[in-house]
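Trainee: Structure provided below as structure tokens; questions to follow.
The values are calculated or read from the model by the stated rules, or taken from the named source; none is laboratory data. Keep in mind the model is a prediction, meaning the values are calculated, not measured. Cβ placement follows ideal geometry from the backbone for every residue including glycine, while neighbour counts extend to all protein chains displayed.
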Amino acid sequence: MLEIKNLHARIADDENGTEILKGINLIVPTGEIHAIMGPNGSGKSTLAYVLAGRDDYEVTSGDILWNGESILEMSPDERAAKGVFLAFQYPMEIPGVATMTFLRAALNSVRKKRGQKEMTTPEFLKFVRAKAAELGVSDDMLKRPLNVGFSGGEKKRMEILQMAVLEPTLCVLDETDSGLDIDAIRIVSEGATKLRSPDRAMLVITHYQRLLNYIVPDKVHVLAKGVIQKTGGKELAMELEKSGYAEFTGKAA
């Protein structure tokens with residue numbers, strides 16, 4: 001279970017010390033998918049980065065517990081070993097780094113930190129190709145440098161493959177639908193939905209309800225002005241699609 005307790009955070013080198021997150025309280029039980037929705041500048045991506053442990057953000061107070069253990073003092077790789085995974089809004093292209101080399105290095109690094117045996121090359125090839133086939137990732141994509149020349153949809157699908165390979169227990173999807181057309185959203189969302197599991201919690205961050213047509217959440221939370229301002233069922237996303245965020249952007253944080 002993910003527990004976020006009175007979380008306050010800011011950009012680490014901000015001389016003004018302006019807080020972006022101003023007291024986030026959130027619980028996401030294992031086995032559930034929760035959606036975070038909100039306007040631009042509300043703190044959605046900041047929350048994702050803080051969960052992943054990016055060092056250019058500073059937590060000024062509060063705590064983040066994953067399965068009862070605080071992860072605030074853990075490095076990003078330590079959090080990954082504990083099962084935390086962040087799918088980026090804009091996945092990076094890494095010329096010169098083969099996709100398969102990247103996936104194997106990431107997988108074996110996590111397995112080593114978890115005290116598991118590293119996969120041999122034959123074991124890894126069999127494993128990753130099976131995962132890729134389930135998610136519709138072609139052999140051609142696996143043979144190319146990581147994300148180089150990929151369309152937006154292919155980049156996001158590759159992130160879903162990374163998630164399937166690393167088998168995290170907490171998945172944070174930061175605006176997975178950003179820059180994708182309807183067909184790409186459907187394909188990527190179907191891949192993410194296949195990874196839904198009783199042993200896995202998902203936090204889906206998005207502006208728009210359309211993504212939630214495919215990744216159906218158990219709960220929807222509205223984040224505005226750095227705090228969770230409303231929580232409801234999946235029908236809340238439909239309400240936001242009709243009414244927008246004006247109700248929440250006018251509230252005091």
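Trainee: Go through (1) surrounded by fewer than 21 Cβ atoms within 10 Å (Cβ to Cβ); (2) closer than 22 Å to A201 by Cβ and name the single condition G41 misses.
Mentor: All conditions pass for G41, except number (2).
Trainee: Working only within segment 58-81, note down all residues that are touching a residue at least 40 places away in the same chain (Cβ under 8 Å) and within 12 Å of L170 (Cβ to Cβ). First the steps, then the outcome.
Mentor: Narrowing segment 58-81 to residues touching a residue at least 40 places away in the same chain (Cβ under 8 Å): 58-68, 80.
Answer for segment 58-81, where residues must be touching a residue at least 40 places away in the same chain (Cβ under 8 Å) and within 12 Å of L170 (Cβ to Cβ): I64, L65, W66, N67, A80.
Trainee: What's the total number of residues in segment 180-219 that are crowded, with 22+ Cβ neighbours inside 10 Å and farther than 19 Å from Q89 by Cβ?
Mentor: The number of residues fulfilling the criteria is 1.
Trainee: May I ask you to say which residue of I71, I24, I33 is under 22 Å from T249 (Cα atoms), surrounded by 15 or more Cβ atoms within 10 Å (Cβ to Cβ) and among the β-branched types (V, I, T)?
Mentor: So the residue among I71, I24, I33 that is under 22 Å from T249 (Cα atoms), surrounded by 15 or more Cβ atoms within 10 Å (Cβ to Cβ) and among the β-branched types (V, I, T) is I24.
Trainee: From the list L135, L86, exactly one residue is buried (at least 16 other Cβ atoms within 10 Å of the Cβ), within 24 Å of A201 (Cα to Cα), at pLDDT below 95 and over 17 Å from the mean Cα position of the chain (by Cα). Which is it? Please lay out each step first, then the result.
Mentor: Working: L86 fails: over 17 Å from the mean Cα position of the chain (by Cα).
Testing whether each residue is buried (at least 16 other Cβ atoms within 10 Å of the Cβ), within 24 Å of A201 (Cα to Cα), at pLDDT below 95 and over 17 Å from the mean Cα position of the chain (by Cα) leaves just L135.
Trainee: Give, as residue ranges, the strands (runs of 3 or more DSSP E) completely inside segment 45-132 that count at least 2 residues that are on the phi < 0 side of the Ramachandran plot and of a type in the set (V, I, T).
Mentor: Correct list: 57-66, 94-98.
Trainee: Let me spell it out: the conditions are (1) in contact with a Leu (Cβ under 9 Å, 6 or more places away or on another chain); (2) closer than 30 Å to R111 by Cβ; (3) surrounded by 18 or more Cβ atoms within 10 Å (Cβ to Cβ), and L223 meets all of them except one. Which number is the exception?
Mentor: Of the numbered conditions (1) in contact with a Leu (Cβ under 9 Å, 6 or more places away or on another chain); (2) closer than 30 Å to R111 by Cβ; (3) surrounded by 18 or more Cβ atoms within 10 Å (Cβ to Cβ), the odd one out for L223 is (2).
Trainee: Of everything in segment 47-83, what is farther than 22 Å from L195 by Cβ and within 12 Å of the chain's Cα centre (by Cα)? Give them in sequence order.
Mentor: The answer is V50, and nothing else.
Trainee: State whether one or more residues within segment 152-159 are over 13 Å from the mean Cα position of the chain (by Cα), within 29 Å of S75 (Cβ to Cβ) and among the aliphatic types (A, V, I, L, M).
Mentor: yes
Trainee: Checking the structure you have, find out if any residue of segment 112-121 is touching a residue at least 40 places away in the same chain (Cβ under 8 Å) and more than 24 Å from G179 (Cβ to Cβ).
Mentor: So the first thing to find is which residues in segment 112-121 are touching a residue at least 40 places away in the same chain (Cβ under 8 Å), and the list is none.
Among the residues of segment 112-121, not one is touching a residue at least 40 places away in the same chain (Cβ under 8 Å) and more than 24 Å from G179 (Cβ to Cβ), which makes the answer no.
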